[in-house]
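Undergrad: First the structure, then my questions, so here it is.
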């Protein structure tokens with residue numbers, strides 16, 4: 001079993017690969033730039049390098065266990081998602097992006113991604129999201145849920161629910177105020193977040 005990190009950000013890959021080794025995810029953690037998924041990229045990488053020892057690894061045969069793909073620097077994030085889906089056929093995968101728009105989240109979900117996470121994000125959050133996805137859970141932003149509920153045909157209100165929505169909210173009927181995120185933790189290597 002193997003976890004693949006597909007990203008152009010070398011520092012992010014190094015930190016995540018090191019941090020994810022202690023997580024409950026498939027090991028080893030291998031990282032590649034998105035060009036690894038293009039035709040002929042592996043043949044052009046002739047030797048392992050110190051910077052990226054996984055660089056010359058051939059594309060795996062069959063489906064892989066877990067993939068984290070960062071679309072932040074991709075010229076066409078939709079094309080990158082298509083290549084990940086076609087070349088790696090991940091059983092579970094998580095999409096990272098600095099611009100999570102509705103179209104990207106919808107494309108990722110339709111291709112089978114189990115989550116989307118906005119970066120930059122704390123290292124622990126990315127690792128927790130990867131562990132959640134590996135465990136079979138889903139990790140999408142709240143905006144994806146509101147997008148789905150707005151598009152679903154069952155979102156039309158019945159007369160009773162329309163009446164209840166017109167009544168004033170009481171303290172017992174309102175949701176609690178969300179807690180602000182904790183201050184970022186600073187790690188020995190000086191990093192606080194991924195992205």
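Yes/no matrix, rows are residues, columns are (1) closer than 24 Å to residue 32 by Cα; (2) touching a helix residue (DSSP H, G or I) at 6+ places or on another chain (Cβ under 8 Å); (3) surrounded by 10 or more Cβ atoms within 10 Å (Cβ to Cβ); (4) at pLDDT below 95:
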position: 82; (1), (2), (3), (4): yes, yes, yes, no
position: 114; (1), (2), (3), (4): yes, yes, yes, no
position: 139; (1), (2), (3), (4): yes, yes, yes, yes
position: 159; (1), (2), (3), (4): no, no, no, yes
position: 165; (1), (2), (3), (4): no, no, no, yes
position: 169; (1), (2), (3), (4): no, no, no, yes
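Undergrad: Check 58, 53 and return the single one that is in contact with a helix residue (DSSP H, G or I) (Cβ under 8 Å, 6 or more places away or on another chain), at pLDDT below 90, over 22 Å from residue 111 (Cβ atoms) and not in a helix (DSSP H, G or I). Quick ask: steps written out before the conclusion?
TA: Values: 53 fails: in contact with a helix residue (DSSP H, G or I) (Cβ under 8 Å, 6 or more places away or on another chain).
None of the other options fit; the residue is 58.
Undergrad: Quick one: which of 38, 3, 73 is at pLDDT 90 or above and either exposed (fewer than 15 other Cβ atoms within 10 Å of the Cβ) or farther than 26 Å from residue 122 by Cα (or both)? If you could, list the steps in order and put the result at the bottom.
TA: Details: 38 fails: at pLDDT 90 or above; 3 fails: either exposed (fewer than 15 other Cβ atoms within 10 Å of the Cβ) or farther than 26 Å from residue 122 by Cα (or both).
Residue meeting the stated conditions: 73.
Undergrad: A follow-up question, please. Which residues, counting only those in the range 91-122, are in contact with a strand residue (DSSP E or B) (Cβ under 9 Å, 6 or more places away or on another chain) and in contact (Cβ under 8 Å) with a residue 40 or more places away in the chain?
TA: Listed by number, the residues that qualify are 92, 93, 94, 96, 98, 100, 105, 119, 120, 121, 122.
The values are calculated or read from the model by the stated rules, or taken from the named source; none is laboratory data. These numbers were taken from a predicted model, which means no experiment stands behind them. Quick reminder, even Gly has a Cβ in these numbers, built from the backbone with ideal geometry, and neighbours come from all protein chains shown.
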